[in-house]
Every structure is written in C-alpha cells, then in structure tokens.
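First up is the structure itself, then whatever we jot down about it.
What follows is calculated from the coordinates using simple rules that are stated; it is not laboratory data. Everything quoted here is computed from the prediction, not taken from an experiment. Every residue, glycine among them, receives a Cβ derived from its backbone with ideal geometry; neighbour counts consider all protein chains shown.
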Amino acid sequence: MKHLFGPVNSRRLGLSLGVDLVPAKICNFNCIYCEVGVTTGLTVKRREYTPTAEIIAELEEFFAGLDSESAGWPDFVTLTSSGEPTLHTGIGDVIRYVKQELEIPVAVLTNGALLFDPQVRLDLLAADIVVPSLDAARPETLAAINRPAAECADPRQIVEGLAAFAEEFGGEIWLEILLAAGVNDSEKDIDALVAAVERIRPDRVQLNTVVRPPAESWARPLSEERIKEVAGRFKDCRVEIIADYSGRAAVRPERPQKQEILEMLKRRPCTRTDIREATGLAGEDVDRLLNELAEASLIRETMHDGRKYYQAGKQR
C-alpha cells in the first residue's frame, strides 16, 4: 500500500496504523533533527498532496475482513506524514471517515505551526488525540532548530494557535518538546517554553531529544540527567520523558513482511529492536529480512549516538 504503514507498536499509542498524507518531504519546517531528512519542499501552501479518495480506498482495503476482535485491529489510526500532515487539505475528510466508518480512535502528529489557521483547527476537531510540537518559544531559537518557512517564523503566532486549539478541542493534546543540546536548551529557552506551556495548557508535555539519526549530523541529544532537570521545570501539568518504542507485540494477518519493514524504514530510521517490537517478528527473522534488504541495496546502516540504525536508501 502506498499511503498506509504498519500497524506498528508505537511508544505512545499502542498498536498504530500509520497514514502518510504527504509522502514527499514537504513541510513548513526544516528541523535539524528530523529523522526523515532535510525538507525538499519548504511551503505553507495547503492542497491535496495525495488524492484523499486513494487514502480512504486503502483504509477500506486494509480493514476488509478484519473486525474489532482481530489480533491486527489497531488501537489508533495515526495521521502523520513524511512532511507536515496538516498541509493536506483532505485531512479532515480522512479523520471523519475513520471515526464514522471504522469507529477507531484517531491521533494526529503535527508540528502545530499551522494551528493559527481556523480551518486547520476545524479539520482536526474530530480527532481523539493531537500531538503537536513546540521546540522553541523564542524567535532566534525557532529559526535555529526548526528553520521554518517565513510565514511560520513567529513563535507567538504558533503558541497562540496552540492555545486557541486547546480551547476548542474536545480530545487530548500531548505537546511534544524536542530538545537538542546547545540549540534550544538554554535557561532562557526553557523559561520561554515553560511560559508557553502555561498559556497552552496541554493535557501532557512530552520531552524528547535527538535519539534517532537526524537531518543534521551535528544535532546532539541531551543527557538523561539534563532532560530530567528540564522536566522538573514544568509545574502543574503531566510531564513525560519519551525515548523509544514500547508496548505489545503486533500479531497481524499475513502480509509481505519484507516490504512492511522497508515502508517503516522509508519513514524513520529504526534499530533492530525497534523493528522486532514493531513487527512482532523473532530476532532471527528480523536479521534475515534486513540482510535480504541490504543485499538488494534497499537499506543502509547508520550509527548514531552509539546505536546502529537502519534506513531506506541506496548502499554507499
């Protein structure tokens, strides 16, 4: 399938079926830490990047013959993208289809920068969980870590958009803050983020750092001690430090496992453990499939922070 991937075990959402709304790296940000790579189309233009009817048809095909008691029935349908999913004008139609026809909870992963637009907020209202990002609340830091399109360069606009959405939205908002060492973790930056969280009032704050191979090799993670210090700065809200996949192993209907792993690796670098936990395969089966993909020059290995990751792409 072109637009669906998984289900995979998500560290936050359980067994999650991913829907890729914008397959190319088209985004309004060009984040230094992005695991998909450098943005190739920096834009704020909303349009139907992928035919919405195609996406809905794939969802229909996937769920044909499944029922809610099946082992492969996902806990969530997660709308995401190789770029920014809210750029896709059909996102509201996809959410409504999943909610009305499949009756499955919907999560949306977004950088949150377009929530100042009332139409974007309206499109997301039917979702159950929205996971927006806010990595900086100071203009110079936003420019350094997210490298936004000019129309999204004002952190005040982003924070006010998030706050407006929090007022209107009936589901949960899990605000993710990703910190890169020496980029957005100064005391001034943390103070500004704490103030922004107080304004937005999300249901959760989830702290992350550069744990996967980033777009820019110089982007480095915070130490565990430092991120715990930062977590202690957020008061009167639920704060979590997120780091890796967790959850139950997936048991799904028989599907092409090699292609499934390749589709995962096209969207994010994964360790061997990530792949094993996401697919429910035994370790020896993961090794066999990775070897086959490597021999076909469909994946390559990357070392980051002392860990081996696999990525889609030609071998060097």
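The table that follows gives values for the structure above.
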read-out	value
GNM flexibility winner over the chain from E69, E284, E229 (Cα, springs under 10 Å)	E69
In region 87-140, the GluC sites (Glu not before Pro) that fall in loop regions by DSSP, at most 15 other Cβ within 10 Å	E103
Alpha-carbon Rg with Dmax, taken over the chain, Å	18.8, 54
Whole-number percent relative contact order across region 4-253, with pairs defined as alpha carbons under 8 Å at least 6 apart	23 percent
Isolated Cys in the chain, by beta carbon distance under 4.7 Å	C27, C152, C237, C270
Entries of K25/K266; K25/K308; K188/K235; K2/K99 with Cα pairs more than 19 Å apart	K25/K308; K2/K99
Nonlocal amide H pairs with V239, under 5 Å, H built at 1.01 Å	V205
Range of Cα positions in region 116-173 per principal axis (Å), largest first	33, 18, 15
Segment Q259-T273, length gained on full extension (0.36 nm per residue, minus Cα span)	3.3 nm
Net charge contributed by nearby residues that have their C-beta within less than 15 Å of P118 (K/R +1, D/E -1)	-3
